[in-house]
Ligand SMILES: Nc1nc2c(c(=O)[nH]1)N[C@H]1C(S)=C(S)[C@@H](COP(=O)(O)OP(=O)(O)OC[C@H]3O[C@@H](n4cnc5c(=O)[nH]c(N)nc54)[C@H](O)[C@@H]3O)O[C@H]1N2
Ligand SMILES: Nc1nc2c(c(=O)[nH]1)N[C@H]1C(S)=C(S)[C@@H](COP(=O)(O)OP(=O)(O)OC[C@H]3O[C@@H](n4cnc5c(=O)[nH]c(N)nc54)[C@H](O)[C@@H]3O)O[C@H]1N2
Ligand code: SF4
Ligand SMILES: [Mo]
């Protein structure tokens, strides 16, 4: 058994892996303090991610302009390109774009090479799109990017306010800890603040479906309420903070009526929330991308923090402003200084800091000022100012706003180096492609949302010539002439240097201090147990909570209130505000989860959610296809008519890319609007129009091999157990019989079925032994069978059973609810009809919900729906 850490979200769950040759088994690590034996659907499917997403798709060799080369040639070429860009265009013509999915050791080497040796701070990371507003707000309030809280706080609090977080799907194991906390503490109340009624509402006592982006106003109103009801902690304010009077003045006009008017919440909803907050000393504000990804995200984070400072609710068990991180190592990146706006190890660009870092690194130079932030960096590339960019562990052609512009920038950049595991939308622009080690192959550390450093450990050999990212960066540093400063031969050597820098001339001045780990031996590093920073000689076992002594890292050691202006957004008449976010079983741009059949059933196609009244106004119906657009680009998806989104708003997932479907990149329509302080893009509020998207004929085609074709007006492909289901839309009718015959070299036998009631046609192509391809066609896309049914039918080997199945109901709509047990909505409805009335009964009849538990909130929803009205469930 190898103990390691899950590579997905910022919860940072411990997993125990058993690996023998190709057989990998993954289970939860009962000892890891982040998850204590739990895993979510993505964590539970890790073994399949390793094997199904397997080596076939991997980049196995370095290449230059598509030609395979060896590592020496590749790194020679990179060093020469960097050298000549610097000589001809200066150091600022070189840029790195990193990721919260790198290990801390990779991140440290990249940051050091760029800021200390190449000599520019043009090194930014996808954390800019994720955590930069939270970082900037913590820095403004506390003088340091320091998360005060820990996971135990979620369990010992009495009020849990989830703000812009869909934790049930995005931090599922923390959500399960919250569910358990609520079961054991009847006093615990949960408030969900989200314009959408998300699945996380299953846990909430109160949902505040506020107007998009009006959170700042909501919290200004809260601060005013706390002051008006004299529940502020005057001693804490006087003793440990600055700026209260100004903050008080800035919220004075936000009485409840005015807040109600600007947030679209009722007085009752507001009074309820404000009273609960006022009367509950142990309150946690748990906030995520609904807050950060905004043109005023930093201000909103500070509006939240202000309420905690005013009540002194920080640095105590069960209380505090808890920004939750998304990626497995977003925190590690913040610690090394991976953002263009930081230098290293919680130091910035003041003279004493640059001098200190330069001396520590023994560097010829050091960047003296912040570099370009992600969106600006790609703008500079578009202008032709960036000559070499090295992109590691992120897919900016999909994840940055205004993706067409980003693609054009990448196309213009003379040298694009991409280190990745598999081909993706960004690797298409790579001049130099480097094979990186992935999860299970690489070794190093990650830091989770509660500042807990855990080891990721290798348990598999490297595929092909793949190498760890710190290694390839080190090779290039050495070739640029810095052998002495980049002597690393192991992740351990990098880690201890990083730990030493954290303590270097620190003397308690910088929050991030893991100097006690700087003497770790190779063995000690290998057996390192999860530990929360700071880890110092005074606190060798780490630190659960920060600011317990009420001393902050500002010059005055006092926390700062921030009086920020209010902010409101709205879509012009006739346009919609498009919100974007995550789904339960997919991870970002689907490079890994999109290859795992069990994770592709829950959401089979790119979609757009719309309120029923808006759909009626537009004459649109459930599961038609629609096109969302503006002058930046377009997105095509299936229409989901749901009353969980508000009128005038739309919601679409972020996951699909051009590897999986046509026109399915949501950032094609997201404008590159950023927060003025942090540079974080406003990913949650794009202004778009929406029209129906029609095709002459639609088909669902099931094959063993993937299908994609630009001849089709539309296609979207999903992985199933034995192959792929592709939805195809064509403008001229296709003779699918001819198409099928042309696809198979050996003779096949094609059988044709027609369902006179539904108008659906089916073609079954079989070889001598079994069906090899299925095609279902219809003029109305909503009438095509669903993927879960197709997957089941495709698994049938004998023609008799298949005939029976095809003469039955020909699919009908169904959806996968439980990925562990493959339980569909229809099966669950049938079980409810037969008397299963609660989670336990469903678990014992169908299994669903009894393994990872990620689907339990949905099962609760179906049980409630059935209890209210058995006909609609
Ligand atoms: N399954 C899964 N889990 C993941 C990831 C994944 O890709 N898949 N990614 C990880 C990463 S990197 C991150 S950053 C996290 C993100 O985790 P979350 O932040 O929880 O996820 P999102 O779905 O991006 O957005 C959260 C919610 O913000 C809401 N929202 C939008 N606008 C507003 C607003 O104006 N105010 C408020 N209060 N809410 C608003 C959206 O409706 C949405 O429900 O998830 C992590 N976990
Ligand atoms: N509209 C909109 N846009 C968003 C968001 C949103 O909510 N809405 N969310 C934003 C947020 S919070 C985030 S975090 C980003 C995420 O966006 P990205 O970072 O672009 O997404 P990923 O798919 O996680 O890309 C990670 C890549 O790294 C590769 N990889 C994995 N491990 C390694 C490794 O060890 N080394 C190397 N070299 N490569 C590796 C994977 O194969 C994959 O190609 O998207 C952002 N974009
Ligand atoms: S909650 Fe799920 S995705 Fe996140 S670390 Fe744990 S197992 Fe991995
Ligand atoms: Mo993120």
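The values are calculated or read from the model by the stated rules, or taken from the named source; none is laboratory data. What you see is a predicted model; the values in this text were computed from it and never measured. Cβ: placed from backbone, ideal geometry, glycine included. Neighbour counts: every protein chain shown.
Summary of values
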| item | result |
| --- | --- |
| Residue count, the stretch 530-541 (criterion: buried (at least 20 other Cβ atoms within 10 Å of the Cβ) and either outside any strand (DSSP E or B) or over 30 Å from the mean Cα position of the chain (by Cα) (or both)) | 4 |
| Condition check for residue 74: assigned to a loop (DSSP other than H, G, I, E, B), modelled with pLDDT of 95 or more and either surrounded by fewer than 24 Cβ atoms within 10 Å (Cβ to Cβ) or away from ligand 1 (no atom under 16 Å from the Cβ) (or both) | no |
| Residue within the stretch 149-162 that is within 16 Å of ligand 4 (Cβ to nearest atom), touching a residue at least 40 places away in the same chain (Cβ under 8 Å) and under 24 Å from residue 548 (Cα atoms) present | no |
| Residue in the stretch 342-362 that is surrounded by fewer than 24 Cβ atoms within 10 Å (Cβ to Cβ), in a strand (DSSP E or B), touching a residue at least 24 places away in the same chain (Cβ under 8 Å) and more than 16 Å from ligand 2 (Cβ to nearest atom) present | yes |
| Counted residues, the stretch 182-236 - those being away from ligand 1 (no atom under 14 Å from the Cβ), under 21 Å from residue 166 (Cα atoms) and surrounded by fewer than 20 Cβ atoms within 10 Å (Cβ to Cβ) | 3 |
| Enumeration of residues in the stretch 719-751 that are assigned to a strand (DSSP E or B), more than 35 Å from the chain's Cα centre (by Cα) and either at pLDDT 90 or above or within 13 Å of residue 775 (Cβ to Cβ) (or both) | 750, 751 |
| Residue selected from the stretch 630-640 under the condition touching a residue at least 60 places away in the same chain (Cβ under 8 Å) and more than 24 Å from residue 130 (Cα to Cα), by the criterion surrounded by the fewest Cβ atoms within 10 Å (Cβ to Cβ) | 638 |
| Qualifying residues in the stretch 17-30 (those that are more than 14 Å from residue 439 (Cβ to Cβ) and in contact with a strand residue (DSSP E or B) (Cβ under 7 Å, 6 or more places away or on another chain)) - the one surrounded by the most Cβ atoms within 10 Å (Cβ to Cβ) | 29 |
| Qualifying residue in the stretch 54-67 (condition: closer than 30 Å to residue 602 by Cα and in a loop (DSSP other than H, G, I, E, B)) | yes |
| Test: residue in the stretch 403-414 that is buried (at least 19 other Cβ atoms within 10 Å of the Cβ) and out of contact with any helix residue (DSSP H, G or I) (no Cβ under 7 Å at 6 or more places or on another chain) | no |
| Residues of the stretch 261-297 satisfying the condition of being closer than 21 Å to residue 579 by Cα, in a helix (DSSP H, G or I) and either over 20 Å from the mean Cα position of the chain (by Cα) or without any contact (Cβ under 8 Å) to a residue 12 or more places away in the chain (or both) | 262, 263 |
| Failed item in (1) farther than 20 Å from residue 314 by Cβ; (2) in contact with a helix residue (DSSP H, G or I) (Cβ under 6 Å, 6 or more places away or on another chain), with residue 182 passing the rest | (2) |
| Complete set of residues in the stretch 298-333 that are more than 19 Å from residue 151 (Cα to Cα) and either within 13 Å of ligand 4 (Cβ to nearest atom) or free of Cβ contacts under 8 Å to residues at least 12 places away in the same chain (or both) | 333 |
| Helices (runs of 4 or more DSSP H) wholly inside the stretch 766-873 containing at least 1 residues that are under 30 Å from residue 732 (Cα atoms) and touching a strand residue (DSSP E or B) at 6+ places or on another chain (Cβ under 6 Å) | 787-794, 799-807 |
| Residues satisfying the stated conditions in the stretch 585-603, i.e. away from ligand 4 (no atom under 16 Å from the Cβ) and in contact with a helix residue (DSSP H, G or I) (Cβ under 9 Å, 6 or more places away or on another chain) | 585, 594, 595, 596, 597, 598, 599, 600, 601, 602 |
| Residues satisfying the stated conditions in the stretch 317-341, i.e. more than 16 Å from ligand 1 (Cβ to nearest atom) and either in a helix (DSSP H, G or I) or under 30 Å from residue 157 (Cα atoms) (or both) | 317, 318, 319, 320, 335, 336 |
| Where residue 471 falls short, out of the listed (1) surrounded by 20 or more Cβ atoms within 10 Å (Cβ to Cβ); (2) within 18 Å of residue 335 (Cβ to Cβ); (3) without any contact (Cβ under 8 Å) to a residue 40 or more places away in the chain | (2) |
| Test: residue in the stretch 299-312 that is outside any helix (DSSP H, G or I) and either surrounded by fewer than 21 Cβ atoms within 10 Å (Cβ to Cβ) or touching a strand residue (DSSP E or B) at 6+ places or on another chain (Cβ under 9 Å) (or both) | yes |
| Residues of the stretch 1-16 that turn out to be more than 16 Å from ligand 4 (Cβ to nearest atom), modelled with pLDDT of 95 or more and farther than 26 Å from residue 720 by Cβ, as a count | 6 |
| Condition check for residue 827: more than 16 Å from ligand 1 (Cβ to nearest atom) and within 15 Å of residue 602 (Cα to Cα) | yes |
| Check on residue 139, free of Cβ contacts under 8 Å to residues at least 40 places away in the same chain and crowded, with 21+ Cβ neighbours inside 10 Å | yes |
| Any pair with Cβ under 9 angstrom, 6 or more apart, that starts in the stretch 2-27 at a residue that is more than 21 Å from residue 170 (Cα to Cα) and ends at one that is near ligand 3 (Cβ under 9 Å from one of its atoms) and modelled with pLDDT under 95 | 17/46; 24/46 |
| The stretch 336-345, residues that are away from ligand 4 (no atom under 16 Å from the Cβ) and in contact with a helix residue (DSSP H, G or I) (Cβ under 7 Å, 6 or more places away or on another chain) | 336, 337, 343, 344, 345 |
| Conditions (1) within 26 Å of residue 463 (Cβ to Cβ); (2) assigned to a loop (DSSP other than H, G, I, E, B): number failed by residue 15 | (2) |
